[in-house]
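Working notes, structure below.
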Amino acid sequence: MGFWTAWQFLTVFPAPGGRGFSESGIGRSISYFSLVGLILGAILLGLDQLLGLFLPPLLVSALLVVSLILFTGALHLDGLMDTCDGFALRSSAAERLRVMADSRVGGFGVVGACSLILLKYISLITIPVGLRAVALLLMPTVGRWSVVYAITVFPSARKEGLGQVFKKQASWLRMGMATVITVAVAAAFLNYAGVAMVVVVWVTVFLLGRTLTSRLGGLTGDAYGAIIELSEVASLILIIIIG
C-alpha cells in the first residue's frame, strides 16, 4: 500500500485496481519515494533510447525534460513557482504563505521555472555520453529522496494540508529506508563518487531547508516541490563534475 500511495502522489500514473490510500498509508509512502524516483528514471531512460533512434540528441533531451514534467503532473514545478513568489516577497512569513497559496503565478515564479527548465536542459546535453543513462536514473531518485529528508527534519509551516499529513507520519526509520535505497543506487552506478554526490545534495537540501524555514516559519507542500526540482538540477550538475 505504501508504494502505491507514493506512486499516486509523485506521478500521474494510476495505481493498479484504483487503489485508495489512508493517512497511515501516506506516512508509509515516504519510504518508497526513492524507489518511485528510480522507476521514473528508468522510464526516462527507455524514452531516451527509443527517441534517440530517430530524433537528434538535442531534441531528445528537450523531450525528456518535458516528459518528466508531464509524468509528475507539473506538481513539483508548480511548487517551485509558488515558492519563488513567496520567497521573493519582502514581508512577514504569514504574507509569504498567503502568496504561495494563491493559484496565480507571479513574475518571480515564471523566472524561477524558466531558469530551472533551462538548467535541466543544458545539464542533460552537456553530461558525458557515458554517464547519460546514470544521470537519467539518479536525477529523479535523488530528487525524491531529498524531499523525504526535508519532510523528516524541518518543521511544517502550516497546521493543515497535505504537507502536514506527511510531516505527522514521517519518521527517522522511514527516512532511513529511503536513504538506503538512494545510497545503494548511487553507489552501484558511481561507486564512492555516487555516495559523495548524495552527501553534497544532502548538504544542499539542508541549507535550502534552513533558508526556507527562516523565511516561512517551516516548509510547505510547495516548498517540498521546490526542493525536489532543485535537487534534480544539483544532481545533474554534480554528475557533470564527476564526469
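The values are calculated or read from the model by the stated rules, or taken from the named source; none is laboratory data. Since this is a predicted model, take the numbers as computed values, not measurements. Quick reminder, even Gly has a Cβ in these numbers, built from the backbone with ideal geometry, and neighbours come from all protein chains shown.
Out of all the residues in region 198-225, which are assigned to a helix (DSSP H, G or I), touching a residue at least 24 places away in the same chain (Cβ under 8 Å) and within 16 Å of L89 (Cα to Cα)?
Residues satisfying the conditions are L212, T213, R215, L216, D222, A223.
List the residue pairs whose Cβ atoms are under 8 Å apart, where the first residue sits in region 107-133 and is under 14 Å from I69 (Cα atoms) and in contact (Cβ under 8 Å) with a residue 24 or more places away in the chain, the second is acidic (D, E) and assigned to a helix (DSSP H, G or I), and the two are 6 or more positions apart or on different chains.
L116/E229; K120/E232
Which of the helices (runs of 4 or more DSSP H) contained wholly in region 1-110 include at least 2 residues that are aliphatic (A, V, I, L, M) and under 20 Å from Y121 (Cα atoms)?
It comes to 33-51, 57-71, 75-88.
So which pairs qualify, if the first residue must be in region 26-52 and more than 19 Å from A178 (Cβ to Cβ) and modelled with pLDDT under 95, the second must be of a type in the set (G, A, S) and not in a helix (DSSP H, G or I), the Cβ gap must be under 7 Å, and the two must be at least 6 apart or on different chains?
none
Going through S103, S123, S146 one at a time, which residue ends up being of a type in the set (S, T, Y) and surrounded by fewer than 22 Cβ atoms within 10 Å (Cβ to Cβ)?
S103
Hey, among the residues in region 111-164 that are assigned to a helix (DSSP H, G or I) and of a type in the set (D, E, K, R), which one's nearest to Y32 (Cα to Cα)?
Across region 111-164, the extreme among qualifying residues is R144.
Would you tally the residues in region 106-120 being of a type outside the set (A, V, I, L, M, F, W, C) and surrounded by 20 or more Cβ atoms within 10 Å (Cβ to Cβ)?
3
Please find, within region 86-95, the residue that is surrounded by the most Cβ atoms within 10 Å (Cβ to Cβ) out of those that are under 22 Å from the mean Cα position of the chain (by Cα) and under 16 Å from A157 (Cα atoms).
Here the answer is G86.
If you check L207, L190, L173, which single one turns out to be over 19 Å from T141 (Cα atoms), over 14 Å from the mean Cα position of the chain (by Cα) and of a type in the set (A, V, I, L, M, F, W, C)?
L207 is the lone residue from the list that is over 19 Å from T141 (Cα atoms), over 14 Å from the mean Cα position of the chain (by Cα) and of a type in the set (A, V, I, L, M, F, W, C).
Given the conditions (1) within 21 Å of D222 (Cα to Cα); (2) hydrophobic (A, V, I, L, M, F, W, C); (3) exposed (fewer than 13 other Cβ atoms within 10 Å of the Cβ), report the number of the one that L53 does not fulfil.
Result: L53 passes all but (1).
Just one of A186, A193, A178 is surrounded by fewer than 18 Cβ atoms within 10 Å (Cβ to Cβ), touching a residue at least 12 places away in the same chain (Cβ under 8 Å), of a type in the set (A, V, I, L, M) and part of a helix (DSSP H, G or I); which is it?
Sole residue among the options that is surrounded by fewer than 18 Cβ atoms within 10 Å (Cβ to Cβ), touching a residue at least 12 places away in the same chain (Cβ under 8 Å), of a type in the set (A, V, I, L, M) and part of a helix (DSSP H, G or I): A193.
What are the pairs with Cβ atoms under 6 angstrom where one residue, in region 2-13, is under 17 Å from L77 (Cα atoms) and the other, located anywhere, is buried (at least 21 other Cβ atoms within 10 Å of the Cβ)? Sequence gap at least six, or different chains.
Note: pairs meeting the criteria are L10/V36.
Checking E160 against (1) touching a residue at least 24 places away in the same chain (Cβ under 8 Å); (2) surrounded by fewer than 24 Cβ atoms within 10 Å (Cβ to Cβ); (3) of a type outside the set (G, A, S), which test does it fail?
All conditions are met except number (1).
For T213, state whether it is under 21 Å from L35 (Cα atoms), surrounded by fewer than 23 Cβ atoms within 10 Å (Cβ to Cβ) and of a type in the set (S, T, N, Q).
So T213 does not fit the description; no.
Could you check A113 against (1) within 18 Å of the chain's Cα centre (by Cα); (2) within 30 Å of A184 (Cβ to Cβ) and say which number it fails?
(2)
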